[in-house]
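Asks: Let me begin by handing over the structure; questions about it come next.
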Amino acid sequence: MESGEDYRDAVLSGQRWAGRRFVRCDFTDADLRELATTGCMFDHCDFTRTDFGESVHRNSAFRTCTFDRTMLGDSAWTGCSLLGSVFVDCGLRTVTLTDCDLTLVSLAEAVLRGMDLSGLRLREANLAGADLRRANLRQADLTGTRLNGTRLTEADLRGARLDVRALAAAEMSGTRVDVDTAVLFAAAHGLVVS
């Protein structure tokens, strides 16, 4: 385990890491392009302005980490946990997320327009003000998620798990939903369905 290590400005591009653990490490301004991680754990690490471009992560955990102005272009995340991490002003639209857990993640004001987020666990995530227009959220778990001012115009929410309160707070014009979600949406807006 590496704890409290300083990797600021480090050039670590193209490396392959397996089974490594980092706790409270600082990767600010590090070059991690084309990094591949498998089964690694990052707890409370700072990735401010880090370049993760074209990196690949499998079954790795990035828990309670800070991604502030982090470059994530063309990165792929499969089976990863991002539990409690915060994303601020990151380019996310070319990121691929498959079978990932984003529980308690903060993506407030994030631009996720047109992204495939199907099947992801976004329980109690903060998506306030996020742009999810035309996003694919089929089968996603959005239970307890904050959707205040979230733009879900033309998004696909079929099969997604949602709370009534969240539906009332989001912009949902043209959103594709299943019958169960339509009933919840109607109830959230004061309609009585019988």
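Yes/no matrix, rows are residues, columns are (1) among the aliphatic types (A, V, I, L, M); (2) open to solvent by 50 Å² or more (accessible area, probe 1.4 Å); (3) in contact with a His (Cβ under 8 Å, 6 or more places away or on another chain):
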{"position": "ALA140", "(1), (2), (3)": "yes, no, no"}
{"position": "GLY149", "(1), (2), (3)": "no, no, no"}
{"position": "ALA169", "(1), (2), (3)": "yes, no, no"}
{"position": "MET172", "(1), (2), (3)": "yes, no, no"}
{"position": "VAL179", "(1), (2), (3)": "yes, yes, no"}
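Asks: So, THR143, is that one in a loop (DSSP other than H, G, I, E, B), more than 17 Å from the chain's Cα centre (by Cα), modelled with pLDDT of 90 or more and β-branched (Val, Ile, Thr) or not? Full working, then the answer.
Replies: Values: in a loop (DSSP other than H, G, I, E, B): yes; more than 17 Å from the chain's Cα centre (by Cα): no; modelled with pLDDT of 90 or more: yes; β-branched (Val, Ile, Thr): yes.
Spelling it out, it is not the case that THR143 is in a loop (DSSP other than H, G, I, E, B), more than 17 Å from the chain's Cα centre (by Cα), modelled with pLDDT of 90 or more and β-branched (Val, Ile, Thr).
Asks: How do the pairs read when you match residues in segment 88-102 that are farther than 15 Å from HIS57 by Cα with residues anywhere that are open to solvent by 30 Å² or more (accessible area, probe 1.4 Å) and modelled with pLDDT of 95 or more, using Cβ under 6 Å and keeping only pairs 6 or more apart or on different chains?
Replies: Qualifying pairs under 6 Å: VAL88/ASP68; ASP89/ARG69.
Asks: Oh, and also: Just to check your reading of the model, which residue among THR103, THR153, THR181 is among the hydroxyl-bearing types (Ser, Thr, Tyr) and modelled with pLDDT under 85? Outline the logic, then answer.
Replies: Values: THR103 fails: modelled with pLDDT under 85; THR153 fails: modelled with pLDDT under 85.
None of the other options fit; the residue is THR181.
Asks: Turning to a different aspect of this structure: Test GLY129 against the criterion of being of a type in the set (Gly, Ala, Ser), open to solvent by 20 Å² or more (accessible area, probe 1.4 Å) and in a loop (DSSP other than H, G, I, E, B), and give yes or no. Walk me through how you get there before you give the answer.
Replies: Values: of a type in the set (Gly, Ala, Ser): yes; open to solvent by 20 Å² or more (accessible area, probe 1.4 Å): no; in a loop (DSSP other than H, G, I, E, B): yes.
For GLY129, the condition - of a type in the set (Gly, Ala, Ser), open to solvent by 20 Å² or more (accessible area, probe 1.4 Å) and in a loop (DSSP other than H, G, I, E, B) - is not met.
Asks: Please list, ordered by first then second residue, the pairs with beta carbon atoms under 6 Å, 6 or more apart or interchain, first in segment 64-83 and of a type in the set (D, E, K, R), second assigned to a strand (DSSP E or B).
Replies: ASP68/VAL88
Asks: What pairs come up if the first residue lies in segment 168-194 and is more than 16 Å from ARG146 (Cβ to Cβ), the second is outside any loop (DSSP other than H, G, I, E, B) and not aliphatic (A, V, I, L, M), and their beta carbons are under 7 Å apart, counting only those six or more places apart or on different chains?
Replies: Hits for this filter: ARG176/ASP156; VAL177/PHE185.
Asks: Looking at (1) within 13 Å of the chain's Cα centre (by Cα); (2) over 21 Å from ARG161 (Cβ atoms); (3) at pLDDT 95 or above; (4) among the basic types (Lys, Arg), find the lone condition where ARG113 falls short.
Replies: The single condition ARG113 does not satisfy is (3).
Asks: Which members of segment 63-102 meet the condition of being closer than 20 Å to CYS25 by Cα and charged (D, E, K, R)? Reasoning before the result, please.
Replies: Of all residues in segment 63-102, those closer than 20 Å to CYS25 by Cα come to 63-72, 80-88, 90.
Once the filter is applied, which keeps residues that are closer than 20 Å to CYS25 by Cα and charged (D, E, K, R), segment 63-102 yields ARG63, ASP68, ARG69.
The values are calculated or read from the model by the stated rules, or taken from the named source; none is laboratory data. Everything quoted here is computed from the prediction, not taken from an experiment. When we count neighbours, we look across all protein chains shown, and the Cβ atoms used for this are built from the backbone with ideal geometry, even at glycine. All accessible areas refer to the heavy atoms of the entire protein, side chains included, with ligands and DNA or RNA removed. Shrake-Rupley method; radii C 1.70, N 1.55, O 1.52, S 1.80 Å.
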